[in-house]
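What follows is a set of notes on a single structure, which appears directly below.
The values are calculated or read from the model by the stated rules, or taken from the named source; none is laboratory data. All figures in this text were calculated on a predicted structure; none of them were measured in a lab. When we count neighbours, we look across all protein chains shown, and the Cβ atoms used for this are built from the backbone with ideal geometry, even at glycine. Please note that ligands, DNA and RNA were not included when accessible areas were found on the heavy atoms of the full protein model with its side chains. Shrake-Rupley method; radii C 1.70, N 1.55, O 1.52, S 1.80 Å.
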Amino acid sequence: MDILIKPSVLKGKLNIPASKSCAHRAVICAALADGISELSGITMSKDIEATINAMTALGAEFDIADDTIYVTGIKNLTKFAHIDCNESGSTLRFIIPVAAALGVDALFSGKGRLPQRPIDIYKRELSKHNIEFLTENMPYEIKGKLTGGIYKIEGNVSSQFITGLLFALPLIEHDSEIIMTSHLESRPYVEITIDILKRFGISVEETENGFKIKGGQKYVPHNEHIEGDYSQAAFFYVANALGSEVKICNLKPDSVQGDKKIIDLIDSAISDGKITGYKADCSDIPDLVPVLSVLGAYGSKPSLIYNAERLRIKESDRLTACADMLNRLGGNVTVTADGLDIKPVKELHGGIIDSFGDHRIVMSAAIAALKCNGEVIIKGAEAAEKSYPNFFNDYKMLGGAADVINME
């Protein structure tokens with residue numbers, strides 16, 4: 001699907017979709033609890049559907065009614081599960097250790113860039129704890145029942161490995177410890193995990209260099225309202241910085257979501273009502289990089305994004321995709337070893353954008369298009385459905401000029 005966008009100003013009130021990060025975690029916790037949990041305010045997307053399908057394959061039951069999901073925890077554990085992760089890295093990395101802890105032999109498949117996203121940490125550490133990887137590449141097949149003990153994990157690859165183990169290790173009979181062998185990046189995502197685990201009855205002890213997890217814990221049912229997603233709200237915060245007037249609702253002011261930092265970053269980049277520039281350490285907020293790059297492209301001074309090298313292994317090589325997107329629109333963006341160097345230009349003139357099959361590139365391009373001096377065409381705009389299926393409906397509801405076109 002290709003979309004043509006004309007310059008416009010967004011105005012109105014918008015309820016931000018539920019946090020995808022929180023929803024993934026709540027779905028897994030509820031599925032592991034002995035009883036029925038109610039998850040309200042949830043926003044369905046392809047990634048969340050992948051996690052629901054994964055836990056269904058393990059034996060949980062889901063009854064979906066509008067924005068509420070009733071989850072019956074696993075009663076009859078399956079012996080073998082084929083888990084289709086679609087393109088969701090969260091689903092893959094969260095569920096591998098969960099299936100292993102439950103003693104379920106499982107086959108994990110996926111598509112898009114997911115087969116290229118690394119799970120070497122699991123291959124190494126889970127193999128030390130009674131799990132056998134029967135295949136080297138996706139589809140990954142695992143066999144065995146996970147045991148407790150010491151897990152040594154690099155913190156600079158993805159916090160998703162930590163989260164996956166935090167879900168799994170309480171299920172094991174014996175105690176376990178996660179020892180970080182390098183600085184933990186994207187720490188706020190782990191904090192979200194621990195916060196939600198606590199509400200489902202699971203305790204985690206933080207240590208100087210990792211986490212201790214008591215074995216034999218039980219997940220308990222819990223009714224959870226899924227808070228709004230700051231990573232999705234970020235697109236509209238940046239739109240406002242470009243001159244739009246969107247009242248952004250459904251966000252939790254005291255949220256532990258790291259992407260709440262978008263508010264402070266925009267404040268630091270604006271002087272006398274105009275965008276100047278910024279320097280942003282994105283080690284804890286990688287999902288903000290695409291829309292932050294748009295903010296920088298409209299600045300009157302240079303901007304620098306750094307500590308974001310892990311974005312090369314997302315749905316796209318996201319650093320290259322961001323630079324390509326903005327340079328096609330007339331920007332001056334250079335990919336560095338660990339981020340983006342953004343130089344000021346007189347204006348962005350519009351053009352044709354390749355989405356690289358990446359939902360955040362699509363939505364960032366749509367925000368960039370608001371203030372371009374010409375039309376923008378986004379090829380492969382359906383990628384937005386991965387995390388925000390109603391993005392373009394909301395965009396047009398707020399006055400954005402976006403229409404599906406046929407490029408043939």
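Rank-order 380-389, 170-179 by packing density, defined as the average count of other C-beta atoms within 10 Å over each peptide's residues, highest first.
Working: 380-389: 21.4, 170-179: 18.2.
Packing order, densest peptide first, comes out as 380-389, 170-179.
Rounded, prolate or oblate: pick one for segment 37-192, where a ≥ b ≥ c are the square roots of the eigenvalues of its C-alpha gyration tensor, a/c under 1.5 means rounded, and failing that, prolate if a/b is larger than b/c, else oblate. Could the numbers behind the result be given before it?
Numbers: a/c = 1.43, a/b = 1.32, b/c = 1.08.
Because its axes are fairly even, with a/c under 1.5, segment 37-192 counts as rounded.
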**Request:** Rounded to the nearest Å, what's the spacing between the alpha carbon centres of segment 382-408 and segment 152-173? Just the number, please.
**Result:** 36 Å
**Message:** Between 0 and 90 degrees, rounded to the nearest ten: what's the tilt of helix 359-369 against the longest Cα principal axis of the chain?
**Reply:** 20 degrees
**Message:** Can you tell me the orientation of helix 318-328 relative to the chain, as the angle in degrees between its alpha-carbon axis and the longest Cα principal axis, to the nearest 10?
**Reply:** 20 degrees
**Fill in**
Phi-derived 3J(HN,Hα) across segment 118-130 with the Karplus relation (6.51, -1.76, 1.60, θ = phi - 60°), rounded Hz, x for Gly and Pro, is x, 10, 4, 4, 5, 4, 6, 7, 5, 5, 7, 10, 6
**Prompt:** Toward the positive end of the charge dipole of segment 73-199, about the Cα centre and with charges on Cβ (Lys, Arg +1; Asp, Glu -1), which of Ser182, Ala101, Asn156 goes farthest?
**Reply:** Ala101
**Asked** Cross-link partners among aspartates and glutamates for Lys274, C-alpha distance below 18 Å, same-chain residues fewer than 8 apart left out?
**Response** Glu245, Asp264, Glu347
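Return the percentage of antiparallel bridges among DSSP beta bridges fully within the chain, rounded to the nearest 5 %.
Values: 39 of 63 bridges.
Of those bridges, close to 60 percent are antiparallel.
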**Asked** What spacing in nm lies between the two simple spin-label points modelled at Asp34 and Asn76, each 7 Å away from Cα in the Cβ direction?
**Response** 1.9 nm
**Message:** Leaving out ligands, DNA and RNA, and with a 1.4 Å probe, what % of the accessible surface on the chain is carbon or sulfur?
**Reply:** 47 percent
**Prompt:** How big is segment 15-69 on each of its three principal axes, counting only the C-alpha atoms and giving the largest first in Å?
**Reply:** 32, 19, 17
**Item:** Simple spin-label estimate for Ile270 and Leu242 in nanometres, 7 Å along Cα-Cβ
**Value:** 1.5 nm
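Using the Cα gyration tensor of segment 157-201, with a ≥ b ≥ c the square roots of its eigenvalues, what is the shape: rounded (a/c below 1.5), prolate (a/b larger than b/c) or oblate (neither)? Don't skip to the end; give the middle numbers.
Numbers: a/c = 2.44, a/b = 1.26, b/c = 1.94.
In terms of gyration-tensor shape, oblate.
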**Asked** How far is helix 46-58 tilted off the main Cα axis of the chain, in degrees rounded to 10, range 0 to 90?
**Response** 10 degrees
**Prompt:** Arranged from highest to lowest average of other beta-carbon atoms within 10 Å per residue, in what order do the peptides 272-284, 143-155, 188-200 appear?
**Reply:** 188-200, 143-155, 272-284
**Prompt:** Cross-link partners among lysines for Lys279, C-alpha distance below 18 Å, same-chain residues fewer than 8 apart left out?
**Reply:** Lys260, Lys261, Lys301, Lys343
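At 222 nm, what helix-only mean residue ellipticity would the chain give, in deg cm²/dmol to the nearest 500, using -39500 (n - 2.57) for each DSSP H run of four or more? Please list the in-between numbers first.
On the way: 12 runs with 128 residues, N = 408.
For the chain, the value works out to -9500 deg cm²/dmol.
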**Asked** In whole Å, what is the distance between the alpha-carbon centres of segment 229-244 and segment 41-99?
**Response** 30 Å
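Arranged from highest to lowest average of other beta-carbon atoms within 10 Å per residue, in what order do the peptides 254-262, 113-121 appear?
On the way: 254-262: 19.8, 113-121: 16.0.
Ranking the peptides 254-262, 113-121 by packing returns 254-262, 113-121.
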